[in-house]
Amino acid sequence: MEPRDYTWIFAVGVVSSICDSFGIGANDVANSFASSVSSGSLTLAQACIVACFTEFLGAFLLGSSTSETIKGGILSVERFVDRPELLMLGMLCALIGSAAWVLFACKKGMPVSTTHSIIGAIIGVGIAAFGGGAIQWGYSGVAKIITSWFVSP
């Protein structure tokens, strides 16, 4: 494996991550600020400015445990040690799938969960690459994530 052989995956991944971030941000801002903007408490410009700071600070200060769970709590990256290109391609496919679904659903005005989208995509990668047994279905993995969807407001 030559590292330059997979530069295209990195480039497409950067573009896909920007699209996914746009969709996630648009969805989060719409959910958080729709009432404030529609009631006239905030203008659209004010809501966007506040959202820039709150979205960034929330991800920066509180996002590490979520990232850890997504990174290793669903599908162990150790399974890809001998095949890192499969990990790169699988995560690229998960990212493209998540971004496409979130952007499509937002465009159509459909309710969508950005977390469901990426979790489902990673589960799909694990099943496609290694079968259903590769997914950590128990409370240390997927069950913990699903529980949080019901417990959190």
Would you confirm whether any residue within the stretch 2-9 is among the hydrophobic types (A, V, I, L, M, F, W, C), part of a helix (DSSP H, G or I) and open to solvent by less than 90 Å² (accessible area, probe 1.4 Å)?
yes
Set LEU61, LEU86: member being of a type in the set (A, V, I, L, M, F, W, C), under 22 Å from PHE10 (Cα atoms) and either open to solvent by 40 Å² or more (accessible area, probe 1.4 Å) or not in a helix (DSSP H, G or I) (or both)
LEU86
What residue, among those in the stretch 34-47 that are open to solvent by less than 60 Å² (accessible area, probe 1.4 Å) and assigned to a helix (DSSP H, G or I), is nearest to THR115 (Cα to Cα)?
ALA34
Find all pairs meeting these conditions: Cβ atoms under 7 angstrom apart; at least six residues apart or on different chains; first residue within the stretch 81-95 and at negative phi; second residue open to solvent by 50 Å² or more (accessible area, probe 1.4 Å).
GLU85/MET1; GLU85/TYR6; LEU87/VAL77; MET88/TYR6; LEU92/VAL12
Can you name the residue in the stretch 11-23 that is open to solvent by 50 Å² or more (accessible area, probe 1.4 Å) and closer than 22 Å to THR114 by Cα and is also modelled with the lowest pLDDT among such residues?
SER21
Pick from the stretch 130-147, criterion outside any helix (DSSP H, G or I) and touching a residue at least 24 places away in the same chain (Cβ under 8 Å), ranking: farthest from PRO84 (Cα to Cα):
SER140
Odd one out for CYS106 among (1) modelled with pLDDT of 90 or more; (2) out of contact with any strand residue (DSSP E or B) (no Cβ under 8 Å at 6 or more places or on another chain)
(1)
Out of VAL77, VAL125, VAL102, which single residue is closer than 30 Å to GLU2 by Cα and crowded, with 16+ Cβ neighbours inside 10 Å?
VAL125
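The values are calculated or read from the model by the stated rules, or taken from the named source; none is laboratory data. Because the structure is a prediction, the values reported are computed rather than measured. So basically every Cβ, Gly included, is an ideal-geometry build from the backbone, and we count neighbours across all protein chains shown. Calculation scope for accessible area: heavy atoms of the full protein, side chains included, ligands and nucleic acids excluded. Shrake-Rupley method; radii C 1.70, N 1.55, O 1.52, S 1.80 Å.
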